[in-house]
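The structure under discussion appears below in the form of structure tokens.
Since every read-out is calculated from the coordinates, none of them should be taken as a lab result. As the structure is a computational prediction, the values presented were derived from the model and not from experiment. Cβ sites come from the backbone with ideal geometry, for glycine too, and all protein chains shown count toward neighbours.
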């Protein structure tokens, strides 16, 4: 019997290969063969794009920023991984951003960017992104495009259904993709059904610096894959997809795909708030870390939180319901009205669409077919609104254009399918090159989509670009969706492995862009705001160099009296007060990265000299015609030497 099951999955692999080959044969046809496509993606030199697009870096741990429709790469924002270019995670100020209950973890697998919202509309304040491996959520401030906050998620494994925001960014959510013993303990893996549980976490997100797990909901040990919160009439609810309702722990490609239907978990988080206020939350001991970068001090700090509130569904009626959904649903997406909840069952050719109104009626009428750990299972026929019979294979994700249309990605048949919300009629389909995962429409998961463009985030690149060895960057494809038919207008390579992306009209961000940090507001404890305060101080073997940079010199630029074995801290303040004039600092022999210091900012480089000699340092970021002259020297003497500690600028 098992052999037959395996053969079934082999057939899917064959279909995938055939689809890819068919697409490859037609890759040079279509929109890109005419000049109008190029014109639609063209942005003239000196002109701005219409949209910022934020694409997850996947295994790079970062977040990349592109302009649409040009596809120009604007910036890579370091989030969960160290970045030598910017010194992020190397300088002393940002090292704490990687603190976790496991210690210093300078990498993660970043999947889903999520823009902050006000009344269900993207507002340009922040963007969040999840860390999948060591469960975390980060906040990026869109005035500076820098990561300012990271919170760890306890009682979780594989933070995949995250960090999707509620309508006013009251919360971002996190679901357990890999259920784990709750609380963690040493148990046999084959005791999965007895000991493993999932957790659905709600993290307060509306105040910078205050991210914290507000509460968790203890749920059966399924895999909670993706999520979206309701909007409009469904505001106050969040919907999570599940698979592995079989609660398997081995050979998952077969054993986690046996049930005809899995579930979408519908969580009434407004009801959860009521239960927490009524004292129903149980305090579970835990250990998770919250890191916050303060833009006044230019420093990150960490604190450890040791308890979390947990709600038990059997003790909290009305908190959560299961909606049966075929089969192994991946994405769950809510249309702009908040009425329709689309379950993208990746092992089902059809898309199941649930009705929020019918769900409420079924709850009111107690139309339950089962109950699992105190969670009612609603009758499928009483909550389903309809099905999109697409003819595609492997539906994954759906977004909306604000004109009553939906667009779904199909991985196996490698295409985007456009369909009508309410009638479920297929209107158009276009191939992608190759094997699309997520897709994105600017604002496509909000109440007000900007239905002009669609970006397909493809998993396989093959022959789309000049070859670069065994691995190719992933391919994004831009479609014009302003007409009745989708039109492919641009291919562009992406950073890492983008799993999801979000885009926003540029004018919602540009007006708040920070061009420099006012030097008068710099509260860094080691800031130097004028050259008169430049100095070098020793306390034991710790030496602190209070240094400034301005076009085109460091002050001081000659330092003597450093000894082998010292811990030397360069506290560099960039005195510039102009846009786009950072200064770098690189020290020969430092087992570290450079500093890249923004105007008005202070950063710190640690150097531990191991050899006697005279060693240069220099500015790494071109700033003026005399950039090459922006350099200096440090003399390092023997550990027991009596060389005087002194420093200077412009002295012979």
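Using a cut-off of under 15 Å, list every residue of segment 547-591 whose amide N is near the label point 7 Å from the Cα of residue 538 along the Cα-to-beta-carbon line.
559-569
Let's test the formula: R0 of 41 Å, r as the Cβ-Cβ distance of residue 612 and residue 297. What FRET efficiency results, to the nearest 0.05? Display every interim value, and only then the final one.
Working: r = 36 Å, r/R0 = 0.87.
Once the sixth-power term is evaluated, E becomes 0.70.
Using a 7 Å offset from the Cα along the Cα-to-Cβ direction at both residue 651 and residue 639, what is the distance between the two label points in nm, to one decimal?
Result: 3.0 nm between the two label points.
Please grab the % of Cα pairs in segment 138-186 that end up more than 15 Å from each other.
On the way: 686 of 1176 pairs.
Percentage above 15 Å: 58.
For a quick check: sort 66, 292 by the number of other beta carbons within 10 angstrom, fewest at the front. Can you show the working numbers first?
On the way: 66 26, 292 20.
Ranked by crowding around the Cβ, least crowded first: 292, 66.
Taking every pair of distinct Cα atoms and averaging 1/r, then inverting, what Kirkwood hydrodynamic radius in Å comes out for segment 76-214? Don't jump to the answer; show the numbers that get you there.
On the way: mean 1/r = 0.0640 Å⁻¹.
That comes to 15.6 Å for segment 76-214.
Between residue 306 and residue 277, what is the spin-label point distance in nm, taking each point 7 Å from the Cα along the Cα→C-beta axis?
Going from the residue 306 label point to the residue 277 one covers 3.0 nm.
Against the 2.2 N^0.38 Å scaling, with N counting residues, where does the chain land? I'd like the Cα-based Rg ratio to two decimal places. Present the calculation step by step, with values, prior to reporting the outcome.
Numbers: Rg = 27.0 Å, N = 652, 2.2 N^0.38 = 25.8 Å.
In units of the 2.2 N^0.38 Å rule of thumb, it is 1.05.
State, in angstrom, two size descriptors of segment 204-335 derived from its alpha carbons: Rg to one decimal place and Dmax to the nearest whole number.
Here Rg and the maximum Cα pair distance are 17.6, 55 Å.
Using the Cα atoms of segment 588-644 to build a convex hull, what is its mean projected area in square nanometres? Walk me through the numbers before you get to the answer.
Values: hull surface 20.5 nm².
Orientation-averaged projected area of the Cα hull: 5.1 nm².
Cα centroids of segment 90-140 and segment 317-331: how far apart, whole angstrom?
Cα centroid of segment 90-140 versus Cα centroid of segment 317-331: 27 Å apart.
Order of 535, 464, 136 from fewest to most other C-beta atoms within 10 Å? Mind showing how you got there, number by number?
On the way: 535 12, 464 19, 136 28.
By the 10 Å Cβ count, ascending: 535, 464, 136.
Over the chain, what is the mean sequence separation of C-alpha contacts under 8 Å (at least six apart), divided by residue count, expressed as relative contact order in percent? Display every interim value, and only then the final one.
Numbers: 1838 pairs, mean separation 72.2, N = 652.
In percent, rounded to a whole number, it is 11.
Working out 0.36 nm times the residue gap between residue 371 and residue 403, then minus their Cα-Cα distance, what length gain in nm do you get to one decimal?
Gain on stretching residue 371 to residue 403: 7.7 nm.
Restricting the count to DSSP beta bridges whose residues both fall in the chain, what percent are antiparallel, rounded to a multiple of 5?
Values: 158 of 174 bridges.
Bridges in the chain that DSSP calls antiparallel: roughly 90 percent.
Once both axes come from the Cα atoms, what is the angle between helix 2-25 and the longest principal axis of the chain, in degrees from 0 to 90, rounded to 10?
For 2-25 against the chain, the angle is about 70 degrees.
Can you put 179, 390, 520 in order, fewest other beta carbons within 10 Å first?
520, 390, 179
At q = 0.18, 0.21 Å⁻¹, what base-10 log of I(q)/I(0) does the Debye formula yield for segment 519-648 when every alpha carbon is treated as an equal point scatterer in vacuo?
-0.92, -1.23
Please list the three semi-axes, largest first and in whole Å, of the ellipsoid equivalent to segment 276-414, using sqrt of 5 times the eigenvalues of its alpha carbon gyration tensor. Write down the numbers at each step before the final one.
Working: eigenvalues 238, 127, 42 Å².
Calculated on Cα positions only, the semi-axes equal 35, 25, 15 Å.
Defining a contact as two alpha carbons under 8 Å apart and six or more residues distant in sequence, what relative contact order in percent does segment 519-648 show?
Numbers: 336 pairs, mean separation 37.8, N = 130.
This gives 29 percent for segment 519-648.
Got the relative contact order for segment 141-269 handy, in percent, Cα pairs under 8 Å and 6 or more residues apart?
On the way: 289 pairs, mean separation 26.8, N = 129.
About 21 percent, as a whole number.
Just to be sure I understand: of the beta bridges DSSP finds with both ends in segment 523-626, what percent are antiparallel, rounded to 5? Each step should come with its number before you reach the end.
Working: 19 of 27 bridges.
Rounded to the nearest five, the antiparallel share is 70 percent.
For residue 420 paired with residue 185, estimate the spin-label separation in nm (one decimal), with each label point 7 Å from Cα along the Cα-to-Cβ line.
5.7 nm
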